[in-house]
């Protein structure tokens, strides 16, 4: 029988995958294509704005909008695209661009493909392109055999999800950065974990989901690492993105996941941890298969 926790977690998974749900905008979206490859989804209202840039975007055709084929290199596409975004930013009509990061993401159909261009991070939702990140679960099995996890509380001044609980360390995968280097960098910047320890983090999984909100479409894939921290080490506040760390038993972590106190996508990363470490049992969790499926959706 499903528990209240199970129902709340299932609702969270559905929320984080609402682009796949009946009634979403998916049926009205246009494919975003670069070099004859689909890399994202564009909402109808954004498609109307792009008509103002006829030299950059071809008119909608067969359900898609293509970047002009005259932009035939990574450098050309990135430069011209950035010009479009800067114009839209000056117009000050798209709220997501108010959070401009000066951080570029690689754009490609699949992670294994050669990047076709790069794009300002804050604009990715306007084109529904996949965003990649790296999340690190910090944990330790104590002397009594109990598994405990390190959680971070985000700074109250963060632009997104201020003050909510988060993974030990996490960050977006910037253009040109490797996954492993990003894990080590985020561990140091956010939790003051030296490279000698952070380098012991093991890549264990990916978590993928697609949601939409009033700003656009968010297909996201997180590369997940598990890092078993030494008993004599405690993370500490680094670059100011985190205000505090907690070392909690998994039963308490599990309850926090379905509260309003946890950053939603980070809760999915911890749910993946719970499944992989057998903290959730398929004989007692009726939504076990739904959980696994919801953590690994495709664009």
Exercise for the section: Extending each Cα 7 Å along its Cβ direction at residue 251 and residue 15, get the distance between those two points in nm, one decimal. Expected result: 2.6
Practice task
Quick one: check the C-alpha center-to-center distance for segment 99-124 versus segment 1-78, whole angstrom.
Solution key: 14
Problem - Cα gyration tensor, segment 25-127 - rounded (a/c under 1.5), prolate or oblate - result: rounded
Problem - Quarter of Cα convex hull surface for the chain, i.e. mean projection, nm² - result: 16.2
Handout entry: Whole-percent pair-distance distribution, where bins are 5 Å wide, for the alpha carbons of segment 1-74
Key = 3, 14, 19, 17, 12, 9, 8, 7, 5, 4, 2, 0
Exercise for the section: Compute the long axis of helix 74-91 from its Cα atoms, compare it with the longest principal axis of the Cα atoms of the chain, and write down the angle in degrees, 0 to 90, nearest 10. Expected result: 90
Practice task
Mind sorting 250, 200, 119 by how few other Cβ atoms lie within 10 Å of their own Cβ, fewest first?
Solution key: 200, 250, 119
Problem - Separation in nanometres of the label points that stand 7 Å from Cα toward Cβ, at residue 79 and residue 239 - result: 2.9
Problem - Between 0 and 90°, nearest 10: helix 4-16 axis offset from the chain longest Cα axis - result: 20
Problem - segment 87-184, Cα convex hull volume normalised per residue, Å³ - result: 137
Exercise for the section: Would you mind ranking 211, 288 so that the residue whose beta carbon has the fewest other beta carbons within 10 Å leads the list? Expected result: 288, 211
Completion exercise
Relative to the chain, whose Cα atoms define the longest principal axis, helix 264-276 and its Cα axis are tilted in degrees, nearest 10, by 50
Practice task
Grab the beta carbon distance between residue 292 and residue 58, set R0 = 30 Å, and tell me the FRET efficiency rounded to 0.05.
Solution key: 0.15
Completion exercise
Stretched fully, the stretch from residue 159 through residue 102 gains (0.36 nm per residue minus C-alpha distance, one decimal, in nm) 19.1 nm
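How would segment 42-83 be classified by its alpha-carbon gyration tensor: rounded, prolate or oblate, with rounded meaning a/c under 1.5 and the a/b versus b/c comparison settling the rest?
On the way: a/c = 2.24, a/b = 1.63, b/c = 1.38.
Because a/c hits 1.5 or more and a/b exceeds b/c, segment 42-83 counts as prolate.
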Exercise for the section: Find how much the distance from residue 24 to residue 143 grows on full extension, using 0.36 nm per residue of separation minus their present alpha carbon separation; answer in nm with one decimal. Expected result: 38.0 nm
Problem - Structure-based [θ]222 nm, the chain - -39500 (n - 2.57) summed over DSSP H runs of at least 4, per residue, nearest 500 - result: -8500 deg cm²/dmol
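Under 1.5 on a/c is rounded, so check that first for segment 184-261, then, if it is not, pick prolate when a/b is larger than b/c and oblate when it is not; a ≥ b ≥ c are the square roots of the alpha carbon gyration tensor eigenvalues. Mind showing how you got there, number by number?
On the way: a/c = 1.71, a/b = 1.46, b/c = 1.17.
Here segment 184-261 falls in the prolate category.
Here, each number is a calculation from the coordinates, and none is a lab measurement. No experiment lies behind these values; they were computed from the predicted model shown. Cβ atoms come from the backbone with ideal geometry, glycine included; neighbour counts cover every protein chain shown.
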